[in-house]
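Take a look at the structure set out below.
The values are calculated or read from the model by the stated rules, or taken from the named source; none is laboratory data. What you see is a predicted model; the values in this text were computed from it and never measured. Heads up, the Cβs are rebuilt from the backbone with ideal geometry, glycines too, and the neighbour counts pull from every protein chain shown. Ligands, DNA and RNA are excluded from the accessible area calculation, which covers all protein heavy atoms including side chains. Shrake-Rupley method; radii C 1.70, N 1.55, O 1.52, S 1.80 Å.
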Amino acid sequence: MTAVANETTLDVDVDVRFTPAGTPLAVRFDGRIWAVAADPVHWFTRDAWWNTRRTAAVGSGDLVSIEYWRVQVRLGSNSVLRTFTLRRNPLSVQWLLESISD
């Protein structure tokens, strides 16, 4: 028997609290605080800049790097772990909760 995780795609704004070292510590979603309970995974992808038609002045910043964190979170010490995929688009300061999986 193969277990398949249920995944929900959301793309909703969330607040992320980071440690001084820059690692996610907690995520505020749906009025609740979800504590990070395991080591998060961090990576970057590239935006298809040729499709966005964005222009920018020289020195305005990185227009193509999309930042991701995959974090395992829980509401309390007895709650089940959920996996949140967080995304920050180029030049944005707002984090998005891209998906939740069990």
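Within region 56-73, take every residue that is at pLDDT 95 or above and open to solvent by 70 Å² or more (accessible area, probe 1.4 Å) and give me the one that is farthest from ALA35 (Cα to Cα).
My answer is ARG70.
For the subset of region 6-21 comprising residues that are in contact with a Leu (Cβ under 8 Å, 6 or more places away or on another chain) and open to solvent by 90 Å² or more (accessible area, probe 1.4 Å), which member is nearest to SER99 (Cα to Cα)?
Only one residue fits best here, namely ASP13.
Find the residue count for region 80-91, including only residues that are more than 12 Å from ASP11 (Cβ to Cβ), open to solvent by 40 Å² or more (accessible area, probe 1.4 Å) and not in a strand (DSSP E or B).
Of the residues in that region, 3 qualify.
May I ask you to list pairs of residues, at least six apart or on different chains, whose Cβ atoms are under 6 Å apart, with the first in region 76-102 being under 16 Å from THR23 (Cα atoms) and modelled with pLDDT of 95 or more and the second being open to solvent by 70 Å² or more (accessible area, probe 1.4 Å) and among the basic types (Lys, Arg)?
That search, which allows pairs on different chains as well, returns THR85/ARG70; TRP95/ARG88.
Tell me which residues, restricted to region 6-35, are without any contact (Cβ under 8 Å) to a residue 24 or more places away in the chain and more than 17 Å from GLY76 (Cα to Cα).
PHE18, THR19, PRO20, ALA21, GLY22, THR23
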